[in-house]
1. For Asn92 and Glu11, calculate 0.36 nm times their separation in residues minus their Cα-Cα distance, and state this gained length in nm to one decimal.
2. Over the chain, with a Gaussian network built from C-alpha contacts below 10 Å, which listed residue (Ala20, Ala85, Ala67) shows the highest mean-square fluctuation?
3. Of Lys16/Lys109; Lys31/Lys61; Lys9/Lys109; Lys31/Lys109, which sit over 20 Å apart, Cα to Cα?
4. What are the residues whose amide H is under 5 Å from the amide H of Ile74, where those residues sit 5 or more places off or on another chain and H is modelled from the backbone?
5. Over the chain, with a Gaussian network built from C-alpha contacts below 10 Å, which listed residue (Lys40, Lys31, Lys16) shows the highest mean-square fluctuation?
6. Please enumerate, by chain and number, the aspartates and glutamates with C-alpha under 20 Å from the C-alpha of Lys28, excluding those fewer than 8 residues away in the same chain.
7. Ranking Ile48, Ile74 by Cβ neighbours within 10 Å, fewest first, what do you get?
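Just so you know, all these numbers are worked out from the coordinates, no wet-lab data involved. Here the structure is a predicted model, which is why all the values come from computation and not from measurement. Here the Cβ positions follow ideal geometry from the backbone for every residue, glycine too, while neighbour counts run over all protein chains shown.
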Amino acid sequence: MITFDEFKKIEIRVGKILSAEKIPDTDKLLKLSVDLGEDKLRQIVSGISFYFPDPVVLVGKKCMFVANLEPRIIRGFESEGMIFAVSDETGNFSLLEPSDSIGVGTLAK
């Protein structure tokens, strides 16, 4: 359990995926280039390749991202955030996607 004050520290923003590619020699990692409404794009590494055999289908999608997660090196690639996704025990999977009317960079409240 975390406190509400700890939870409030998490910055959740709408981001648009501009490119997506499989990271070579990995089974589940994709490298995403994401516009979070900032001056520069973010690189985000995510273990969702299993659900997207052709990662190009992700290009253009708006999804929810943790924007203030400390950067981390994953298999030699820096990851500057985290995409929100859900899955259940039966294999159902979904990215958390805002409605089309919500703009890139919008902060969740």
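1. Values: separation 81, 0.36 × 81 = 29.16 nm, distance 2.62 nm.
Gain on stretching Asn92 to Glu11: 26.5 nm.
2. Ala85
3. Lys31/Lys109
4. HN-HN under 5 Å from Ile74: Ser79.
5. Lys40
6. The qualifying aspartates and glutamates are Asp54, Glu78, Glu80, Asp88, Glu89.
7. Values: Ile48 19, Ile74 15.
Ranked by crowding around the Cβ, least crowded first: Ile74, Ile48.
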